[in-house]
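For reference, the structure discussed in these notes is given below.
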Amino acid sequence: MIMNLEKLLTTPHKRFNPLLREWVLVSPQRTERPWQGQVERLQVAPLVTYDPNCYLCPGSKRARGNQTPKYAGTYTFDNDFSALLSEVEPMRYEQDGLLVAQSDQGICRVLCFSPRHDLTVPRMNAQELRGVVDAWTEQFSSLAQIPWVRYVQIFENRGELMGASNPHPHGQIWANATLPNLPAREDESLNAYHAEKHSCLLCDYLQLELQRNERIVCQNDAFVVLVPFWAVWPFETLVLSKRHFASIDQLNSDERELLGDILRRITIRYDNLFETAFPYSMGFHQRPTDRQLHEAWHLHAHYLPPLLRSATVRKFMVGYELLASPQRDITPESASSRLRETSETHYLDRSAS
Ligand SMILES: [Zn+2]
Ligand SMILES: [Zn+2]
Ligand SMILES: [Zn+2]
């Protein structure tokens, strides 16, 4: 039997994620169940613009005697405790195909978005955001030029709930000699779709979403933010470029401006949703940097926020989700309408006016 969306929204079902080629269980009938689980402490945003004990603030001393300079815009440096090292010999360990390991070479960088300790992405102005996008682009381009680098992962962890150890606005950029798990799975899906249909999975998906207009949150001339049909996290979103290109270095100047604009707008909506500094992990997925063409790749960003129904109640991925499939109660359609109805004026600016 073919279901319409209305029927889907009242029936337990599973949805297919074509990027990872896996399923997520959706249980709309459960949204009214009472919450007796863990309640988090409310996150209080830092109020000081400069914290002498913060190692990312301009002019401070970092671990191992390194110094953070008195920077004005953005500042990038190699992580003092990198998870990967650039000077590792390629090696492989193997026993009967069951004990398999190999060395991995890499570079881990930290990117400070602003010298101001308290300034977060949703509260940056267009010029400050342009600086962040420019820094991401420069980092991607220069790391992609290193012959052994095959993938560059740009990401941000915001908030203690996501394990960010420092409230100073910053992100990270990791470059690897091999393709990490999720980009590798997306690479396979995008290539398979391209080979079969001679078009781009994400261009086709975006057209469908724009046509149906059921899960779109906001958009500008170059980017669309939507809650993907297959979202796992309660308020997960996908940022898609309207133009087809494979990596951030292919953005023109207007698009760099518009990328900053769309990231500011979605993060303001997030902060306003529960009037809190909304925690999330976000990151870009883009073409591998192995000097192949990668026509099937379409630049996008994922926002994966853990909050569920208030500033203090989060979603956990446990039990069935760790052992079987991810599962959600609130539907992607109702999450997107909540986000769509949320204001694009930051709640902290609203009270001031
Ligand atoms: Zn700081
Ligand atoms: Zn595309
Ligand atoms: Zn992706």
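The values are calculated or read from the model by the stated rules, or taken from the named source; none is laboratory data. Note that the structure is predicted; figures quoted are calculated from it, not measured. All Cβ positions, glycine included, derive from the backbone under ideal geometry; neighbour counts span all protein chains shown. Just so you know, the surface numbers come from the protein's heavy atoms only, side chains and all, with ligands and any DNA or RNA stripped out. Shrake-Rupley method; radii C 1.70, N 1.55, O 1.52, S 1.80 Å.
Expressed as a fraction of 2.2 N^0.38 Å, the C-alpha radius of gyration for the chain is 1.02. When you count the other C-beta atoms within 10 angstrom of each residue and take the mean per peptide, 18-26, 142-150, 320-328 line up highest first as 18-26, 142-150, 320-328.
The HN-Hα couplings worked out from phi for the stretch 100-108 by the Karplus form 6.51 cos²θ - 1.76 cosθ + 1.60 (θ = phi - 60°) are 10, 8, 8, 6, 9, 9, x, 9, 10 Hz, whole numbers, x standing for Gly and Pro. For the stretch 127-168, the solvent-accessible area of protein heavy atoms averages 42 Å² per residue (probe radius 1.4 Å; ligands and nucleic acids excluded).
Calculate the FRET efficiency for Glu87 and Glu6 from the Cβ-Cβ distance with a Förster distance of 51 Å, rounded to the nearest 0.05. It would help to have the intermediate numbers written out before the result.
Details: r = 58 Å, r/R0 = 1.15.
For R0 = 51 Å, the calculated efficiency reads 0.30.
Across the stretch 1-144, the mean sequence separation of Cα contacts (distance under 8 Å, 6 or more residues apart), normalised by length, yields a relative contact order of 18 percent. Split the accessible area of the chain by element, probe 1.4 Å, and carbon with sulfur accounts for 52%.
Rank-order 206-214, 304-312, 237-245 by packing density, defined as the average count of other C-beta atoms within 10 Å over each peptide's residues, highest first.
Numbers: 206-214: 13.6, 304-312: 18.7, 237-245: 20.3.
Highest to lowest by the protection proxy: 237-245, 304-312, 206-214.
Note on Leu323 and Leu182: the extension gain reaches 48.9 nm, defined as 0.36 nm multiplied by sequence separation minus the Cα-Cα distance. Taking 0.36 nm per residue of sequence separation and removing the Cα-Cα distance, the Asp118/His13 pair yields an extension gain of 33.6 nm.
Considering only Ala277, Ala195, Trp230, and ranking their Cα positions along the charge dipole of the chain that arises from unit charges at the beta-carbon of Lys, Arg, Asp and Glu, the one farthest toward the positive end is Ala277. Full extension of the segment from Ser27 to Thr49, taken as 0.36 nm per residue of separation minus the current Cα-Cα distance, would add 3.6 nm. Helix hunt in the chain: which complete DSSP H runs extend at least 18 Å axially by C-alpha with mean Kyte-Doolittle at least -1.0? Qualifying helices, which must be both long enough and hydrophobic enough, are 126-144, 253-273.
In terms of the mean number of neighbouring beta-carbon atoms within 10 Å, the peptides 77-83, 153-159 order highest first as 153-159, 77-83. Cysteines in the chain that lack a partner Cβ within the 4.7 Å cut-off: Cys108, Cys112, Cys218. The phi torsions of the stretch 294-310, fed into the Karplus equation with coefficients 6.51, -1.76 and 1.60 and a -60° offset, translate into couplings of 6, 4, 6, 7, 10, 4, 7, 10, 10, 10, 10, x, x, 5, 10, 9, 6 Hz, rounded to whole numbers, with Gly and Pro shown as x. For the chain, what proportion of DSSP beta bridges, expressed in % and rounded to the nearest 5, is antiparallel? Once the DSSP bridges in the chain are tallied, antiparallel ones form about 95 percent.
Tell me the relative contact order for the stretch 96-170 as a rounded percent, counting alpha carbon contacts under 8 Å between residues six or more apart.
Numbers: 43 pairs, mean separation 33.1, N = 75.
Result for the stretch 96-170 is 44 percent.
Is it possible to state the helix-based mean residue ellipticity at 222 nm for the chain, with each DSSP H run of 4+ residues giving -39500 (n - 2.57), the sum divided by total residues, to the nearest 500 deg cm²/dmol? What is it?
Working: 8 runs with 93 residues, N = 353.
Result for the chain: -8000 deg cm²/dmol, rounded to the nearest 500.
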